[in-house]
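To keep things clear, I will list the structure first and then write my remarks on it.
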Amino acid sequence: MRRIIFPSARALLAAAIAAYAAGFGALSVLRHEAYVTGRFDLGNMVQAVWSTAHGRPLQMTDLHGDQISRLAAHVDPILVVFAPLWWIWPSPHMLLVAQACAVALGAIPVFLLARKHLASSRAALGFGLAYLLYPATGWLTLNEFHPVALATPLLLFAFWYLDEDRLLPFSACALAAALCKEEIALVVAGFGIWYALARGRWVVGAAIAVAGGAWAAIAIAIVIPHYNAGAESDFYGRYSEVGGSAGGIVKTAFTHPLRIAEAAFSARDLHYLLDLVAPLAALCLLAPLMLVAALPELAINLLSSATTQTSIHFHYTAGLIPPLVIGAIFGAKRLSRWAFPVAAAIVVAALVGNYRLGPIPGWRHVPGGQKFQATAARVTAHDRIADRALRLIPDEAVVCATNTLGAHLSARRRVLSFPFIEDSKWVAADETQPGYADRYAPVPTATQLAALRRNPEWQLVFEQDGILVFRRRPL
């Protein structure tokens with residue numbers, strides 16, 4: 001009788017990582033081909049990478065038509081590493097596929113950390129699968145392309161090396177993560193606090209915490225204003241109700257603490273916290289010290305007036321996923337006597353969470369399954385018409401476009417957002433997805449398009465199924 005040989009836990013994890021990278025990479029590309037992506041935000045990243053590849057590091061066109069550095073909006077210089085890849089594969093697809101592969105690789109440090117602390121490869125496999133099934137991980141991967149998504153696997157690798165007392169590779173991964181967005185260094189600072197308190201490595205832990213906090217402060221208070229004509233980040237407007245700046249929020253916390261509490265614990269905020277914790281079987285709550293690393297990112301999201309920041313459907317979970325998943329592993333360690341059942345429970349919790357909250361399109365066919373954006377990857381005849389229209393526009397031309405079309409036109413030196421036409425030679429608009437600046441606004445868009453039709457300076461050269469292309473008449 002032949003003996004059945006089952007694949008090892010590492011082989012199964014490798015297969016799961018490959019399947020995730022291939023599946024989510026394909027979904028991301030299809031969503032782009034279906035014009036679900038936008039000039040804000042995928043187009044911004046494409047233009048910054050294209051400009052870097054053409055000798056103008058991180059240059060992009062802002063919402064009002066000014067040529068600025070990407071660092072005026074967010075400190076995410078890790079974008080420059082994609083310039084050589086752009087020379088090889090000059091397409092937004094490259095960024096989307098790279099993001100899917102990078103996020104998938106985060107399962108490796110999750111597996112290694114769980115195997116170490118739970119002393120079980122099978123249990124470690126469960127946590128690796130739970131990370132890949134975690135709804136926030138999937139939505140992070142599909143939310144266009146954002147450099148901060150790369151911070152998720154980098155932070156997981158950084159913590160694995162820190163847990164192993166391998167400070168040099170930890171420093172390299174932590175530094176790379178900090179270059180993904182300005183506040184990510186605060187998560188690194190949280191790791192330093194954990195290292196000091198949990199391991200008793202007070203000097204090293206304090207140094208990590210101070211370095212992380214200092215870099216975040218420099219990025220927010222110096223780098224962004226330097227590239228933003230001396231002004232603070234435009235995103236401070238989201239916190240006007242609680243102080244309007246980092247210092248203002250701290251002041252409000254002391255002078256009007258109830259205002260902070262009201263902003264951070266609305267019904268929407270509590271629902272958001274539940275969506276983060278429940279798919280991890282709430283195990284992260286058993287490791288409160290690790291949750292310290294999640295607190296800055298949680299505060300940034302919960303105190304914001306932008307509803308996108310309290311939704312798992314966007315990239316604002318990138319700095320939260322690592323400490324929450326690591327916390328779940330340490331929470332399971334408290335129940336290490338039942339390591340395998342606990343790992344099985346978190347896989348079930350993550351699977352149920354994915355079914356109820358996750359981005360896999362197939363769930364729409366299952367009763368009670370998630371249906372949000374379930375058909376977003378469906379490429380329609382309208383999308384093919386848009387492809388044909390955009391091919392009329394020369395690659396080097398200055399163009400103004402509505403948001404969804406703009407994501408496909410951003411690989412150029414200058415691209416503007418409709419209705420800011422300025423020096424554009426071409427205008428592309430989709431009346432079925434009326435983008436006005438970076439917002440959906442049917443009435444203002446229709447008004448501006450009607451004016452453009454009447455303007456003798458412009459010639460309508462394409463009109464089909466709501467897709468319009470105008471060309472400026474030569475003088």
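The values are calculated or read from the model by the stated rules, or taken from the named source; none is laboratory data. Computed from a predicted structure; not experimentally measured. Every residue, glycine as well, gets a Cβ built from its backbone with ideal geometry; the counts of neighbours run over all protein chains shown.
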- Which listed residue, of Val36, Val46, is of a type in the set (Val, Ile, Thr), under 30 Å from Ile385 (Cα atoms) and not in a helix (DSSP H, G or I): Val36
- Restricting attention to the stretch 196-204, does a residue exist that is over 27 Å from the mean Cα position of the chain (by Cα), surrounded by fewer than 24 Cβ atoms within 10 Å (Cβ to Cβ), part of a helix (DSSP H, G or I) and not aliphatic (A, V, I, L, M)? yes
- Which residue pairs have Cβ atoms under 7 Å apart, sit 6 or more places apart or on different chains, and have a first residue in the stretch 223-235 that is in a loop (DSSP other than H, G, I, E, B) and a second that is among the small types (Gly, Ala, Ser)? Asn228/Ala72; Glu232/Ser245
- Those residues of the stretch 356-403 which are of a type in the set (Ser, Thr, Tyr) and either closer than 14 Å to Trp139 by Cβ or surrounded by fewer than 16 Cβ atoms within 10 Å (Cβ to Cβ) (or both), in sequence order: Thr375, Thr380
- Among what's in the stretch 149-182 and is of a type in the set (D, E, K, R) and either outside any helix (DSSP H, G or I) or touching a residue at least 60 places away in the same chain (Cβ under 8 Å) (or both), pick the residue that is nearest to Ile224 (Cα to Cα). Glu182
- Message: Can you report the number of residues in the stretch 25-35 which are surrounded by 22 or more Cβ atoms within 10 Å (Cβ to Cβ) and over 14 Å from the mean Cα position of the chain (by Cα)?
- Response: 3
- Only one residue in Leu79, Leu58 is under 15 Å from the mean Cα position of the chain (by Cα) and either surrounded by 20 or more Cβ atoms within 10 Å (Cβ to Cβ) or at pLDDT below 95 (or both), so which one is that? Leu79
- Selection count where residues are in a helix (DSSP H, G or I), under 20 Å from Leu392 (Cα atoms) and either touching a Gly at 6+ places or on another chain (Cβ under 6 Å) or among the aliphatic types (A, V, I, L, M) (or both), scope the stretch 421-475: 2
- Determine whether Ala19 is crowded, with 17+ Cβ neighbours inside 10 Å, out of contact with any Phe, Trp or Tyr (no Cβ under 7 Å at 6 or more places or on another chain), outside any loop (DSSP other than H, G, I, E, B) and small (Gly, Ala, Ser). no
- Being farther than 21 Å from Trp50 by Cβ and in contact with a helix residue (DSSP H, G or I) (Cβ under 7 Å, 6 or more places away or on another chain), is that true of even one residue in the stretch 89-104? yes
- Item | Options Ala189, Ala185, Ala221; residue that is surrounded by fewer than 22 Cβ atoms within 10 Å (Cβ to Cβ) and either among the small types (Gly, Ala, Ser) or modelled with pLDDT of 95 or more (or both) | Ala221
- Note on the structure: Residue pairs within 7 Å by beta carbon, gap of at least six or interchain, first lying in the stretch 360-388 and free of Cβ contacts under 8 Å to residues at least 24 places away in the same chain and more than 10 Å from Ala34 (Cβ to Cβ), second among the basic types (Lys, Arg) and surrounded by fewer than 13 Cβ atoms within 10 Å (Cβ to Cβ), listed first then second, are Arg364/Lys371
- Note on the structure: Residues of the stretch 247-270 being in a helix (DSSP H, G or I) and in contact (Cβ under 8 Å) with a residue 12 or more places away in the chain, in sequence order, are Ile249, Arg259, Ile260, Ala263, Ala264, Arg268, Asp269
- Message: Return the pair list, or none, for Cβ contacts closer than 6 Å from residues in the stretch 390-405 that are within 22 Å of Thr445 (Cβ to Cβ) to residues that are surrounded by fewer than 23 Cβ atoms within 10 Å (Cβ to Cβ) and among the polar types (S, T, N, Q), at least 6 apart or on different chains.
- Response: Val398/Ser424; Val399/Ser424; Cys400/Ser424; Thr404/Gln433
- Message: Checking the conditions here, which among Val277, Val292 is in contact with a helix residue (DSSP H, G or I) (Cβ under 8 Å, 6 or more places away or on another chain), part of a helix (DSSP H, G or I) and either closer than 26 Å to Ile78 by Cα or not hydrophobic (A, V, I, L, M, F, W, C) (or both)?
- Response: Val292
- Note on the structure: Of Leu71, Leu95, Leu112, the only residue that is buried (at least 22 other Cβ atoms within 10 Å of the Cβ), in a helix (DSSP H, G or I) and touching a Phe, Trp or Tyr at 6+ places or on another chain (Cβ under 9 Å) is Leu95
- Task: Output yes when any residue across the stretch 337-345 is closer than 21 Å to Gly466 by Cα and buried (at least 23 other Cβ atoms within 10 Å of the Cβ), and no when none is.
- Result: no
